[in-house]
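The values are calculated or read from the model by the stated rules, or taken from the named source; none is laboratory data. Here the structure is a predicted model, which means the values were calculated and not measured. FYI the Cβ positions are ideal-geometry reconstructions off the backbone, even for glycines, and counts take in every protein chain you see. Side chains included, ligands, DNA and RNA excluded: accessible areas come from the protein's heavy atoms. Shrake-Rupley method; radii C 1.70, N 1.55, O 1.52, S 1.80 Å.
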Amino acid sequence: MKKLICAVLALLMVSSLAACGDKPQPQGNQDSEKTKVIYIGGTLGDAGIADSTYEGFQRIVKELPVDGTYVELPTDPSAYKATLLDACDQKPAMIFTSANNGMIDEVIAAAPKYPDIKFMVLDTALSQAGISELDNFVGVLCAQNEVSFLTGYLAMRMSKTGKVGIVVGVEYPTLSDFITGYISGAQYANPDAQVAVSASGDFVDQAAAKETALAQIRQGCDVIYAVGAASSFGTLEACKESGVWGIGCDTDLAAQFIGVDDAQADCIITSAYKDWGNISYNWVKRVLEGATDINWGGVEVYGVAGGGCKIIENAIYEKQVPAEIRADMDALVEAVTKGEVTCPSYFDMTEDQYLALKNSVTVK
């Protein structure tokens, strides 16, 4: 009996080894074949660049041969340098982050010291100094002037008073580009447009943003563009309570309220969507594929035509915006995509020209 059992076991072992020979077996640690990528992002839940970029990061990890790590950026800018250097010391192939309040400067300083790491920074200004000599750095900019041009046009077409507003968190070059596009779009719809421009002070304080928006509403503004990341919820709350239209930014802000606060959702007629997730995904994919057309030492701009930004056309947009205006918006989007309509940009202006533009639409 023992001999019979041994014979059977031997036969099974031979069969098993033969089966293993039918197909290649994994060699070594599969993770070692993946490329290490680190995303240093802002606090999730900001309804802005952190959330939209993280969506792209999740797609990167899921769809590409990437070993991905997410690092939350400290709220204190003085800790940015240490956070970045810690990430660099992990020796990833790629690091991407957003410009934030000084993060871009830390990346520019670190890039020459880590030549084997490819760096990408979202929201980099076209005029950013110190990047032209870096062959392992690329900045990315969404054409927020283009998508804001579309929202400005929509706001003015939806306005009954001829007065609309924009509330930003803090005004710096990228936000000035939002403002430039919004004002220009409003003027495209109505040469006599009046546009209130205000900064609430930061990108977190919802109460401050709400008070800022209420001040604009008291001036007669009946459509408000909220460009303040998490603080935008305060702006939009002011719109809901005052019975005026709101426009979100970065992500589809109305979607977050559907079924939770439908009154809030229904007043957000659209959002200016900057597709940071798609842009981040495509950058990592291009680097992995060895693309030769990446603008190292420069800035790449993704506009409406390049899929970098768009207005959200969801069920609320379909319900709240009249068919005639939607048709005109479709025509305008096509014209911008084809380059038939030029959307002015802050980055093409002198400071005096920018101030003259803002002064030309002062709310009376």
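Taking just the alpha-carbon atoms of segment 200-320, what radius of gyration and Dmax come out, in angstrom?
17.2, 55
Working from the alpha-carbon coordinates of segment 187-240, get Rg over Rh, Rh being the Kirkwood radius.
Value, to two decimals: 1.01.
Working from the alpha-carbon coordinates of segment 262-319, get Rg over Rh, Rh being the Kirkwood radius.
Here Rg/Rh amounts to 1.17.
At 1.002 mPa s and 20 °C, plugging the Kirkwood radius over alpha-carbon pairs of segment 45-128 into Stokes-Einstein gives what diffusion coefficient in µm²/s?
158 µm²/s
Of all accessible surface on the chain at a 1.4 Å probe, what whole percent is carbon and sulfur?
The nonpolar share, carbon plus sulfur, comes to 52 percent.
Mind checking which lysines have their C-alpha under 28 Å from Lys34, skipping anything on the same chain fewer than 8 residues away?
Result set, ordered by chain and number: Lys23, Lys62, Lys81, Lys91, Lys113, Lys118, Lys285.
Against the 2.2 N^0.38 Å scaling, with N counting residues, where does segment 126-218 land? I'd like the Cα-based Rg ratio to two decimal places.
Ratio of Rg to 2.2 N^0.38 Å for segment 126-218: 1.28.
Round to the nearest 10 and give me the degree value, 0 to 90, for the angle of helix 2-21's Cα axis relative to the longest principal axis of the chain.
Once rounded, one gets 40 degrees.
Give the whole-number value, in cubic angstrom per residue, of the convex hull volume spanned by the C-alpha atoms of segment 82-151.
About 94 Å³ per residue, rounded to a whole number.
Per residue, how large is the accessible surface of the chain? Use a 1.4 angstrom probe and give square angstrom.
It amounts to 46 Å² per residue over the chain.
Counting other Cβ atoms within 10 Å, which trypsin sites (Lys or Arg not before Pro) in segment 135-190 have at most 12 and lie in a DSSP loop?
Lys160
Would you calculate, for the chain, the mean residue ellipticity at 222 nm contributed by helices, counting each DSSP H stretch of 4 or more residues as -39,500 (n - 2.57) and dividing by all residues, to the nearest 500?
Result for the chain: -13500 deg cm²/dmol, rounded to the nearest 500.
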